[in-house]
1. Which of (1) within 30 Å of B:LYS203 (Cβ to Cβ); (2) out of contact with any strand residue (DSSP E or B) (no Cβ under 7 Å at 6 or more places or on another chain) does B:GLU314 not meet, given it meets every other one?
2. Test of understanding: among A:LYS592, A:LYS624, A:LYS642, which residue is at pLDDT below 95 and assigned to a strand (DSSP E or B)?
3. Which fully enclosed strands (runs of 3 or more DSSP E) of segment A:471-544 have 3 or more residues being touching a His at 6+ places or on another chain (Cβ under 9 Å) and within 19 Å of A:GLY561 (Cα to Cα)?
4. Among the residues of segment A:109-120, is there at least one that is of a type in the set (Lys, Arg), exposed (fewer than 14 other Cβ atoms within 10 Å of the Cβ), in the same structural domain as A:GLN215 (by TED's automatic domain parsing) and not in a strand (DSSP E or B)?
5. Only one of (1) at negative phi; (2) crowded, with 18+ Cβ neighbours inside 10 Å is not met by A:PHE243, so which one is it?
6. Is it true that A:TYR380 is without any contact (Cβ under 8 Å) to a residue 60 or more places away in the chain, in a loop (DSSP other than H, G, I, E, B) and hydroxyl-bearing (Ser, Thr, Tyr)?
7. Could you list, in sequence order, the residues of segment B:264-283 that are under 18 Å from the mean Cα position of the chain (by Cα) and away from every other protein chain (no Cβ under 14 Å)?
8. For residues that are among the hydroxyl-bearing types (Ser, Thr, Tyr), more than 14 Å from A:PHE315 (Cα to Cα) and in contact with a helix residue (DSSP H, G or I) (Cβ under 6 Å, 6 or more places away or on another chain), tally how many sit in segment A:19-44.
Amino acid sequence: MSNPMFKIKISGNQESLGSRISFSVLAVAGAIFLAALVVVMYYSNSFLIEDAKQNVSNQLTIAASSIDHNLLAVETAIENNEWLVMNSLDDEEKLYEITRKIVSDNEEICGCAIAFKPYYFQRRYFFSPYSYVGADSLIYSKQLGTEDYDYQFMDWFQIPFLLRKPVWSEPYFDEGGADVVMATYSYPLIDTWGDVFAVMTADYPLTGIVDLVNQIHPYENSFAFLVSRNGTYVAHKDTSLIFTHTVLSNALDQGYNELYEAGLDMLNSGIGYREMRMKGEGNKYLSYMPLHNKWSMAIVNSDMDVLGRSYIMLFIIIALMVFGLVLLYIFTRQSVKKKLQPLVLFTEAANEVAKGDFKYALPEVKTKDEMRTLRDSFAYMQDSIVKYIADLKETMGAKERIESELRIAADIQRGMVPSVFPPFPERNDLDIFAVLSPAKEVGGDLYDYFIRDNKFYFTIGDVSGKGVPAAIFMAIARSAFRYIGASAESASDLMTKLNDSISQGNQSNMFITMFAGILDLATGDIQFCNAGHNPGVLISPDGKAEYVEVKNNLVVGVMDGFPFSGQSMKIERGSTLLLYTDGVTEAENSVKELYSEERLQAFCSNNSFDTGEELIGALVADIKKFTNGEDQNDDITILTIKLK
Amino acid sequence: MNQTLKSCLYIVTLLAVMLCSFECFAQEASGRSNGNLTKVRFMPNWMPQAQFAGYFAAKELGYFEDEGLDVEFNFISQTSTKNPIDMLEQGEVDIITNLFVSAMVAATRGCDIVNILQTSQKSALMVVSRDSLNSLEQLSEMNVGCWRAGYYEIIDLITLGEGIFINWIPFITGINLYVFGAVDAILCYSYSEYIQLMLSVGKIPEERIIRMENTEYNFPEDGLYTSSTFLKEHPEVAEAFVKASVRGWLWVANNRDKALDIVMDVLEKSNVQNSNRYFQGQMLDEVLRLQYDNQGRRSFQPISVYDYSKIIMEFRRNELIDRYIEFSKMIWCPYRKELAKGFGYE
């Protein structure tokens, strides 16, 4: 009959096995795809960044050249008129005329001045003829210096005056004039003594440059910006930055470290290309290049601009990869499922075999792979099981016979020792009780007693070894005790004759430890002889328990002719002599601790019992408590003799 | 009839004139009162910026009103030739901020000016050089840029004190002389031009900087001033202004970001365009640092008699002043104990 608990269910496991294999394949394939993708994207992005760098650099160069061209045109217009000014230093009207002509001849110039240092021109503190284009597009002229406008402290005059070389001023908003962002080109005029005596200037509206910068869009999201010599934003898509922030203050304000480093390089007329990480804006790429007047122009591209195509490609590849992996999973799963199909048939076969149909036909496997090997192994296992069961049946039959015989032997052995208590119900001066608990079906322990001539002959023994041989040896010893005891004169005589009887022809080299004694029931005198057995415990009427001191005679059955020496003692009425085999004192608990003679003595001392039956019952319970369920590994035999 | 009519007209005219006179007098005597508030004309010594954040906060948060004042701010422009001390002397304004040394020198020249609060405890002036600089003596023969107006007393003192010739190059537009390389060094304020420089050319190595607070020219700077005339007529107004100002500065010190909001709002309303919050924040941090005394405590206490005497002696020794102004006439601080406790606003 089959046990449903052990019925094999393979269908569920087959699913998970197929999935596991499929996922493993998927994981490996995914890892390979991913690695390839990383490598491809790395090189692809590198190429795109390099391409963008080149593209932006070209646009920067073109724009910078265009701006420089305009700036140089202004510079040329001033420098070309220097000789005219030098030749008109004593002619006020002529100087005004020159400024007017410069403005009228150069439409990119909206104002022109010739500012003399104080007291130079005709000893006047201020003299600075200035012509400019008014709101009505007409050209007006005026004296620039006034009490409220002391131009000698203005950057456009002071810086070229001190440096003795031309400079472009910082950009400024011409409020009240043209209302546009302007910069002034200042050109120092130096006399024959090498002293700067005046500064010629040209005001140049930056509208065109700002428009040009704002129109630079190499990519959809890119933009350009322009910073002046001290880093002030002149043009930027974020107009709130213009004139309010420098590139460094903006970088520090926003926490853009890369922009700060780039800004420093820009202020030092550097050329560069940097990647910047912007909070919430992704990565940016900054290209910058200086202008002729030491300003700096930059183009900012977002990573979406530069790497947008790469991201699209990445998206397509990932989509294809996911699609491919899904297909791979489905294919792998179906394939594995098909390959594992015979396992289902094997499962059915296993279930049938489990039910007892050992001849159940196994499925055919045509492939020459592991499944074929499994089928052969299964068939071999099937044959082996049939053979094994046959052997098992035979073995079980033999075992049952042996066990039956052993049960009979045990019954016989139990019948050989007294088992009816009280054994002498007619006597009220003697209380006898005993137990024999073999570790196996039969054991080698024995006890026996009889009364002859108002004397109580008793013995207890333990045959070496266990099982049937020990039981037979015990039977021999018990028979010899009865036979020899019937005529023995003393305990030592009894033991000597017993030993001679057993030792002669003892081919099995077995032996027996024995304690034998003769109790005179009238006097309480005991003659006893100990042949290597555990000394008994004498429990006095007052409850005191002490081991009987015994001589170390040889064990019985080892050497015939050995003269056993006996001992004698006298016991009080009410005393109990407890005899036992080593199964008592050597009973082990789970930590291999022995019950021990000390524990036995303590038990006898600490407890008081009226009868031997109570004493033995309590002692056996104490031993069981001590061993706490551990297997009994030796026969336990206890005999109590109480003289009342 | 005509006589009667003439008499009536005369009386009416007289009454009208008396009424007008009384109105004018009453308005003048109450310190130009506006409703229940007393109007005060206040002039900081520069354009609106975080240097005056405490006063902006006092105005914005109503601390001046709490003290019964209606404070009118009068700012000067970057290119203006108006000097707050001149404006105070001319009675155009009631209370100004200024440098202690400038006020002291002005007082020795006869100007009616009294310090009523000292908000800065150390000098913000510093020399920033293009090359390494170990001592002020190294400035000899150098072109050194400096503001055209503002601290010429210190310039004179340094020149005479060090016994060197420095070619001071006055400017009125800021740091460009230095950025363009037109000067060898620049004398500037740590809370203003120095920050601008760092935002224009990057961090400047310390070996190129001498801070006056580390020299013998470490004189306290910003403070509140008024005239002794105003003080005599309206001592309660001066004290109220001081009280509200201290309260404003203490609030600013504890509410940096909110204070910056107020500063930026004032800048916007005053049409100051070429600035930004980051710069103003840096300026505010430095101005607040300058309020700490040598013991590391924020202090609004006036200069001590000892330090005052030292400054006077230094200027006398270099013959930059020829009069001695008594300490009690230069410094007015009847609320010293209350001031030490921040008027209870700390």
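The values are calculated or read from the model by the stated rules, or taken from the named source; none is laboratory data. As the structure is a computational prediction, the values presented were derived from the model and not from experiment. Positions of Cβ are generated from backbone atoms using ideal geometry, with glycine treated the same way; all protein chains shown enter the neighbour counts.
1. That leaves (1) as the condition not met.
2. Values: A:LYS592 fails: assigned to a strand (DSSP E or B); A:LYS624 fails: assigned to a strand (DSSP E or B).
The conditions single out A:LYS642.
3. Numbers: elements: A:512-520, A:525-531, A:537-539.
Passing ranges, in order: A:512-520.
4. In the first step, residues of segment A:109-120 are kept if they are of a type in the set (Lys, Arg); the result is A:117.
Next cut, exposed (fewer than 14 other Cβ atoms within 10 Å of the Cβ) only: none.
No, every residue in segment A:109-120 fails to be of a type in the set (Lys, Arg), exposed (fewer than 14 other Cβ atoms within 10 Å of the Cβ), in the same structural domain as A:GLN215 (by TED's automatic domain parsing) and not in a strand (DSSP E or B).
5. Result: A:PHE243 passes all but (1).
6. Working: without any contact (Cβ under 8 Å) to a residue 60 or more places away in the chain: yes; in a loop (DSSP other than H, G, I, E, B): no; hydroxyl-bearing (Ser, Thr, Tyr): yes.
In short, no.
7. Within segment B:264-283, B:VAL266 is the sole residue that qualifies.
8. So the answer is 1.
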